[in-house]
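These notes concern the structure reproduced below.
The values are calculated or read from the model by the stated rules, or taken from the named source; none is laboratory data. What you are looking at is a predicted structure, and each value in this text was computed from that prediction instead of being measured. Cβ placement follows ideal geometry from the backbone for every residue including glycine, while neighbour counts extend to all protein chains displayed.
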Amino acid sequence: MFLRNCSFIFFYAVMRQRGPSWRSHVSDLIEDMRKKHIETQIGTYTLHLQPSYRKTRKVGKLVGAEKWYKNLRALPMCHSMSKEEQERVVSEVAKSLHSS
C-alpha cells in the first residue's frame, strides 16, 4: 500500500481457522493483498522447520508455533494512515477471507 511519508510497522492479526477452506484463504491473503497494493507479511516463522534449525534439539512437537505460522499475518499500520486507508485495509482483508 503506498502511503506518503510513512515507514511501515506491522500489526499482527491472528486469523483463526473457521472451517476446511479457511486455511487456504489465510495462505492466499498475502497474494490477494499484493494484487490490491496492500503489503502484508507472514506474522511469524517456525524456526524449528527451517533448514538451518532442523537438526537442533526441540522440546515437544511445537504444535503451537506451527499454528501461529499458519494463522498469523502482519497487516500494515502507520501513524499517518488516514481513516479511509485503514478502512480499505480492513475491507479488503475481509473480502479476501470471505471469498470462495
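Restricting attention to segment 54-100, the residues that are hydrophobic (A, V, I, L, M, F, W, C), within 14 Å of the chain's Cα centre (by Cα), outside any helix (DSSP H, G or I) and within 13 Å of Ile38 (Cα to Cα) total 3. The one condition from (1) assigned to a helix (DSSP H, G or I); (2) modelled with pLDDT under 80; (3) within 15 Å of Glu92 (Cβ to Cβ) that Ala13 does not meet is (1). Can you tell me how many residues in segment 56-100 are at positive phi and small (Gly, Ala, Ser)? Qualifying residue count for the region: 1. Where the second residue is among the β-branched types (Val, Ile, Thr) and surrounded by 14 or more Cβ atoms within 10 Å (Cβ to Cβ) and the first is closer than 16 Å to His98 by Cα and lies in segment 28-46, which pairs have Cβ atoms under 6 Å and are six or more apart or on separate chains? Short answer, once both residue conditions are applied: Ile30/Thr40; Met33/Thr40.
From the list Arg54, Arg34, the lone residue that is over 28 Å from Val93 (Cα atoms) and of a type in the set (Lys, Arg) is Arg54.
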